[in-house]
Amino acid sequence: MKKKRSPYSVKLIWQLIKHGLILQGVRYAFAKTGIDIMPYYWVQEEASLSQKPLIKTDSQDFIFKSLNNEDIKLILEKSDAINEKKIIQSLDKGQECVGLKFGNQIAAYMFIELNDFIFNNRTFKIKENEAYLLNMFTFETYRGKNLAPYLRYCCYRYLENRNIVVKFSISNYFNKSAIKFKKKLNSKHIRLDVNIELFKRLQWHFTLKKYT
């Protein structure tokens with residue numbers, strides 16, 4: 001059985017720093033001591049209709065689909081400890097997984113929540129025509145091809161066909177790449193909040209700024 005990386009391991013922190021997520025790496029380093037401070041944006045995605053992103057590769061053979069149990073097994077086989085935990089939690093909550101397949105491989109995936117949900121002990125309400133999008137991930141082999149915005153756009157149209165027209169997500173303040181690709185898809189920040197967790201026992205949420 002493949003050995004999984006433990007959450008907040010030194011190796012994981014180094015990988016975050018190597019990929020330019022320096023502040024996220026620092027946050028994880030502090031989290032190892034029991035102090036986790038996470039600023040985050042509450043985001044409305046595609047507040048106005050966006051244009052279809054182009055895939056940056058000669059091959060356009062990426063297929064968007066709702067992923068089944070066999071697809072999920074492929075994802076879990078390739079995932080590290082952090083992502084595996086997120087996937088299992090999403091599946092346990094009944095969230096739907098969609099993704100891009102390239103041949104028989106999963107290139108990128110994300111989850112869709114259509115019900116009220118709890119994020120770090122805070123409840124968010126989701127209406128009938130709304131969805132919450134979370135846990136997007138692109139595997140290393142397929143990075144740099146603009147798959148994240150392409151997958152997101154495909155998901156918007158998939159939801160639109162089900163009469164779900166308002167899409168929300170949470171963007172970690174330190175994850176500048178996620179913030180950047182969402183802005184390309186005409187997303188807007190609703191507010192900036194911060195979650196403070198101490199030793200996995202005490203937890204608070206504060207609103208730092210609201211956007212018009």
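Every number here is computed from the coordinates shown, using simple stated rules; none is lab data. Since we're looking at a predicted model, the values are computed, not measured. Quick reminder, even Gly has a Cβ in these numbers, built from the backbone with ideal geometry, and neighbours come from all protein chains shown.
Applied to the range 186-200, the Karplus parametrisation 6.51 cos²θ - 1.76 cosθ + 1.60 on θ = phi - 60° returns per-residue 3J(HN,Hα) values of 6, 7, 9, 7, 8, 7, 10, 10, 9, 10, 10, 10, 10, 6, 6 Hz, with x for Gly and Pro. Note on the range 27-128: the C-alpha convex hull projects to 9.2 nm² when averaged across all orientations.
If contacts are Cα pairs under 8 angstrom and at least 6 residues apart, what is the relative contact order of the range 78-131 in percent?
22 percent
Net length available on complete extension from residue 35 to residue 210 is 60.5 nm, with 0.36 nm assigned per residue and the Cα-Cα distance removed. The Cβ shell under 13 Å around residue 156 holds other residues with a net charge of +3, Lys and Arg each +1, Asp and Glu each -1.
The charge dipole of the range 57-212, taken about its Cα centre with unit charges on the Cβ atoms of Lys, Arg (+1), Asp and Glu (-1) only, comes to about 800 debye. Fewest-first ordering of 110, 136 by other beta carbons within 10 Å of each residue's beta carbon gives 136, 110. Between the C-alpha center of the range 193-212 and that of the range 94-162 there is a gap of 24 Å. If a/c stays under 1.5 just call it rounded; otherwise compare a/b with b/c (prolate if a/b is bigger, oblate if not). Do that for the range 102-212, with a ≥ b ≥ c from the square roots of the Cα gyration tensor eigenvalues. It is prolate, given that a/c is not under 1.5 and a/b is the larger ratio. With neighbours defined as other Cβ atoms within 10 Å of a residue's Cβ, the residues 128, 197 order from fewest to most as 128, 197. Sorted ascending by nearby beta carbons within 10 Å, beginning with the fewest, 63, 106 become 63, 106. Principal axis extents of the C-alpha atoms in the range 149-212 (largest first, rounded to whole Å): 42, 23, 22.
The modelled label-to-label distance for the pair residue 184/residue 129, using points 7 Å beyond Cα in the direction of Cβ, is 2.9 nm. The relative contact order of the range 48-183, computed from alpha carbon pairs under 8 Å that lie at least 6 residues apart in sequence, is 24 percent.
Considering only the other residues whose Cβ falls under 11 Å of the Cβ of residue 210, what net charge follows from Lys and Arg at +1 and Asp and Glu at -1? Value of the local net charge: +1.
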